[in-house]
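These notes are about the structure you will find just below.
Taken together, the values in this text are just the output of simple stated rules run on the coordinates, not laboratory data. Everything quoted here is computed from the prediction, not taken from an experiment. Here the Cβ positions follow ideal geometry from the backbone for every residue, glycine too, while neighbour counts run over all protein chains shown.
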């Protein structure tokens, strides 16, 4: 289902992925890891700002710090919204 | 009724929407959510600054952090005034 | 009486308006409001800075935060002097 | 007597004026005012910086915050030296 | 095995090298050194930002502060991800 | 004796002058002044930075804050080294 | 022996010189000086950054603050690595 929410500026909406999930490249982060980066899927991307052009795109699997972003409930599902600079990298 | 108040710079006036309200896209934020983002309607938009061009427009439904902005009573109704950077995104 | 005081840079001199006053657009801020924005009339405007062009003009009715600005007695009357960025908007 | 001291950058040398003094425009600040702005005469002005062009000129009567600047004794008289941004305005 | 993880912006993924390892140029950092810089191999490099062009390249051996970066588990191995400015130099 | 020490960037080397000294323009700062500005002679001047062009020149008598700069012993004499922005003005 | 270590950005590698050493220009800093600047020889120099062009060169004798930089052991010898802005000047 398409998400109509448009994050402002350099913000990104991420759908967290269960830590046990193993991606195509075989990456996983064990549940026991306390403050290890978390994994999620990019759902929506802002247009960036004058200082920051966006790099990630919808559908990218990304890693981000455990305490990054703000929880957001859209259409009954839990997402995170954070600035792109909080994203560590693309899996 | 048209609002004659013009927010300065990169500020936006928002009319908070009751958390139970369900928008056309089916988004809602349950009342029990403590620090979850809040929903509101943009009533007036500043002209921006040299560093910040405005993105939101009058009538947009937006999400913003629970503690964002300053309370403002205009024509007997309660509004919030905040900088656009505090707005998370457009619903 | 014309005020000869010229505020420097991006500063604005404001004559506070009693909170009970009701403007033409019907706006008022009840006295009981503790930290609600205050209302005042712009009396003098600085020339701005390289980073900040001025928006308000003499005679504008503006809202500003309750604790904004510095008290100033000019010609026996009480004014406030503050940076334009502290002004929330024009009524 | 001409003062040979040249303040650097965006600094200004000010000769404080007794708070009871009443200027031509009739402005005065009563002695009892605790943290009200103070009044003084600009004695010397720096050349400004890349970011800041100077506005005040020698001879201007200015208002500045009570705790602004550093005390300076030149030729046996007490002056204040402060950055122009600390000056509130020109009387 | 090639790592598919792409660090964002000015971030670099580093594979820490055991402190006892002696490089071709004979450099080593004894295990007893408490807060001495650590040694590692650059595994992946971001594209940089508008303000920061990247200098290090994949395969470079680098030194970095003991407490730099965030731990990251990729394909079952431990890495560090940090901003390039945290890297002290290339061995 | 010429000083061969070249201060870096926007730094200036100053030879402090005894507070009782009276300059040609008759300026003096009594010893009892606790945190009054201090007087010194510019001995060496850095080349400035991209953001800061130097104003003072070798031989200038300057005033600086009592706690400005770092003590420096060169050829057995005590000097101060400080950034030019810490110098208040030229006597 | 040539040092193969290349400091990143605006960093400089310095070989500390015993405080009693007397340079050609006769400068020395007595051991008893507690927080007086320290003397060292520049061993390697980074390429600078967009904001900072490098001034010091390999072989320069420099002064730097007592607590500047990070200790670094390269080829069994103790060095310091610090940003050039922490260097006070060239002897």
Say each of residue A:3 and residue E:47 gets a label point 7 Å from the Cα, pointing the same way as Cα to Cβ; how far apart are those two points in nm?
-> 2.2
Spacing of the two label points (7 Å from each Cα toward its C-beta) at residue A:70 and residue E:18, in nm | 4.8
Where rotation carries G onto A, the chain G residue whose Cβ is nearest that axis, in whole Å = G:51, 10
State the Cα centre-to-centre distance between the stretch A:36-52 and the stretch C:50-91 in whole Å.
-> 38
What distance in nm separates the simple spin-label points at residue B:58 and residue C:77, each placed 7 Å from Cα in the Cβ direction?
-> 3.2
